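S.K.: Can you keep this structure in mind? I'll have questions shortly.
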Amino acid sequence: MNAMPRMVRVRQNFARGAVPDTAATVAREAGKLAAGLRPGARVAVAVGSRGITNLAAIVRGTIDVLQAAGAVPFIIPAMGSHGGATPEGQRTILADYGVTEAAMGVPVRPSLEVQEIGRTPEGAAVVCSTEAMAADGIVLINRIKPHTDFFGTLGSGLLKMAVIGLGKHAGAAAMHRAASWIGHERSIRGMAKVIVARAPLLGGLAILENQFHETAKIVAIPRAEMETAEETLLEEARALLPRLPFGEIDLLIVDWIGKNISGAGLDPNVTNRWVQGYIGGLMREDRPLPFVRRLFVRDVTPESHGNAIGIGLADVTTTRLVRAMDRRATAVNSLTSLTPGSAKIPIAFDTDREAVEAMLVSLCLDDAARQARIVRIESTLVLTEMEVSETAWADVSGKPGLELLAGPREMGFGADGNLPPVAAGG
């Protein structure tokens with residue numbers, strides 16, 4: 001067996017702002033969207049597939065407000081091609097987050113049927129959920145954060161949910177087709193403009209999360225403000241995004257990828273490996289920081305139901321992750337978003353030790369056990385604590401906000417050749 005680097009456990013001490021009272025904030029903000037509803041109005045509450053903290057409580061609180069206003073709410077999955085682009089697959093994803101008919105007290109209507117409601121100036125068809133169009137009102141619930149496919153004044157949020165979520169599989173495919181020629185932001189904004197004008201939108205609840213994956217803000221955006229209000233919120237979300245404190249990483253080990261973690265499986269805003277491909281060369285040249293030379297992904301989250309999109313951004317993986325893949329669900333999602341590279345299966349090893357050893361050899365270092373900058377994280381969503389090699393720690397130990405918790409100790413593998421959970425021990 002080759003010698004392994006010694007690792008230390010490190011904490012990033014992000015500044016923690018005030019965390020709002022979820023129930024009280026939802027009651028206040030959702031009340032703004034429910035104002036003026038007539039008794040008996042049918043309202044579609046659109047809920048997506050991301051692992052948003054307090055999602056079930058936010059959805060239930062919104063339903064309670066709507067019911068108190070005399071409305072008759074129901075839930076529709078708003079998640080494009082996720083869940084294998086099937087009604088039951090999308091219902092199951094919602095159930096994983098506690099959003100069920102029993103818990104919410106209202107029906108879940110997962111139909112993927114859509115109807116065309118207009119066209120963009122470029123001639124692209126805009127479609128919207130038939131269930132949503134038949135309602136008297138629509139309330140969107142989504143988190144605002146930087147997108148994984150593009151940069152701009154718009155990210156992942158309410159407008160994107162209006163286009164891709166309410167548009168179902170057909171709408172997601174249409175948006176990405178248009179984006180391939182005119183760009184994502186222009187495509188989303190053009191389609192969203194049609195939806196805001198012609199669908200019975202009441203508005204949406206925009207959610208921001210901090211670096212600890214806690215609810216940092218919930219704010220109502222009424223229909224009249226939907227095309228502009230997200231820009232300021234996106235800048236707030238960008239400032240709250242957790243990031244790796246390293247400049248160069250020789251080997252990044254990611255325990256979990258998954259749709260509940262990021263739309264891309266693992267967030268390119270953290271890794272700088274983007275969904276349209278990456279360069280595997282060892283020389284940094286002019287590539288941005290952090291520069292990750294080798295990336296090893298170990299497992300896919302149960303909440304992803306086998307959708308392992310993002311696996312193609314890694315250099316190596318495990319045979320257990322490959323066995324856990326639902327190849328159809330992964331393919332549908334990657335082809336709908338026109339990112340086939342993100343579903344490619346990299347070299348797979350039977351054990352973590354084999355994968356790490358292969359990557360250390362591939363770095364072409366004289367003494368990888370002593371020289372390699374290794375960082376191990378739970379996921380790109382959880383960057384508060386991590387394990388790093390002594391060499392990586394030496395690079396950043398003087399930075400403010402970083403704390404050495406434990407170590408050093410040799411990277412430990414179990415009798416089965418696999419790493420223990422990243423949160424275990426220190």
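The values are calculated or read from the model by the stated rules, or taken from the named source; none is laboratory data. Being a predicted model, the structure only gives us computed values, none of them experimental. A quick note on method: Cβ atoms are made from the backbone with ideal geometry, for glycine too, and the neighbour counts reach across all protein chains shown.
S.K.: Looking at this structure, is Arg189 in a helix (DSSP H, G or I), in contact with a Gly (Cβ under 9 Å, 6 or more places away or on another chain) and either surrounded by fewer than 23 Cβ atoms within 10 Å (Cβ to Cβ) or not assigned by TED's automatic domain parsing to the domain that holds Leu338 (or both)?
M.R.: So Arg189 fails the test.
S.K.: So which of Arg11, Arg28 is of a type outside the set (A, V, I, L, M) and assigned by TED's automatic domain parsing to the domain that holds Val396?
M.R.: Within the list Arg11, Arg28, the selection yields Arg11.
S.K.: Now for a different question. For residues that are modelled with pLDDT of 95 or more and of a type outside the set (Gly, Ala, Ser), scanning just the stretch 215-227, find the one that is nearest to the chain's Cα centre (by Cα).
M.R.: Selected residue: Thr215.
S.K.: List the number of the failed condition for Asp136; all other conditions in (1) under 21 Å from Ala264 (Cα atoms); (2) touching a Leu at 6+ places or on another chain (Cβ under 9 Å); (3) surrounded by fewer than 24 Cβ atoms within 10 Å (Cβ to Cβ); (4) in contact (Cβ under 8 Å) with a residue 40 or more places away in the chain hold.
M.R.: Answer for Asp136: the failing condition is (1).
Yes/no per residue for (1) within 28 Å of Ala264 (Cβ to Cβ); (2) out of contact with any strand residue (DSSP E or B) (no Cβ under 9 Å at 6 or more places or on another chain); (3) in a strand (DSSP E or B); (4) among the charged types (D, E, K, R):
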position: Gln90; (1), (2), (3), (4): yes, no, no, no
position: Ala95; (1), (2), (3), (4): yes, no, no, no
position: Val99; (1), (2), (3), (4): yes, no, no, no
position: Ala103; (1), (2), (3), (4): no, yes, no, no
position: Val106; (1), (2), (3), (4): no, no, no, no
position: Glu116; (1), (2), (3), (4): no, no, yes, yes
position: Ile141; (1), (2), (3), (4): yes, no, yes, no
position: Thr148; (1), (2), (3), (4): yes, no, no, no
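S.K.: Would you say Ala56 is out of contact with any Ser or Thr (no Cβ under 8 Å at 6 or more places or on another chain), under 27 Å from Gly167 (Cβ atoms) and surrounded by 15 or more Cβ atoms within 10 Å (Cβ to Cβ)?
M.R.: Spelling it out, Ala56 is indeed out of contact with any Ser or Thr (no Cβ under 8 Å at 6 or more places or on another chain), under 27 Å from Gly167 (Cβ atoms) and surrounded by 15 or more Cβ atoms within 10 Å (Cβ to Cβ).
S.K.: Looking only at helices (runs of 4 or more DSSP H) that fall completely inside the stretch 337-426, which ones have 1 or more residues that are among the aromatic types (Phe, Trp, Tyr)?
M.R.: Because the criterion is at least 1 residues that are among the aromatic types (Phe, Trp, Tyr), the helices (runs of 4 or more DSSP H) in the stretch 337-426 that meet it are 390-396.
S.K.: Can you confirm whether Thr330 is surrounded by 20 or more Cβ atoms within 10 Å (Cβ to Cβ) and at pLDDT 95 or above?
M.R.: Taking the combined requirement at face value, the residue satisfies it.
S.K.: Please pick out the residue among Gly84, Gly80 that is under 16 Å from His305 (Cβ atoms) and in a loop (DSSP other than H, G, I, E, B).
M.R.: Gly80
S.K.: Here is a follow-up. Could you check, for the stretch 158-171, whether at least one of its residues is surrounded by fewer than 22 Cβ atoms within 10 Å (Cβ to Cβ) and either of a type in the set (S, T, N, Q) or within 24 Å of Ile58 (Cα to Cα) (or both)?
M.R.: No, there is no match, as no residue in the stretch 158-171 is surrounded by fewer than 22 Cβ atoms within 10 Å (Cβ to Cβ) and either of a type in the set (S, T, N, Q) or within 24 Å of Ile58 (Cα to Cα) (or both).
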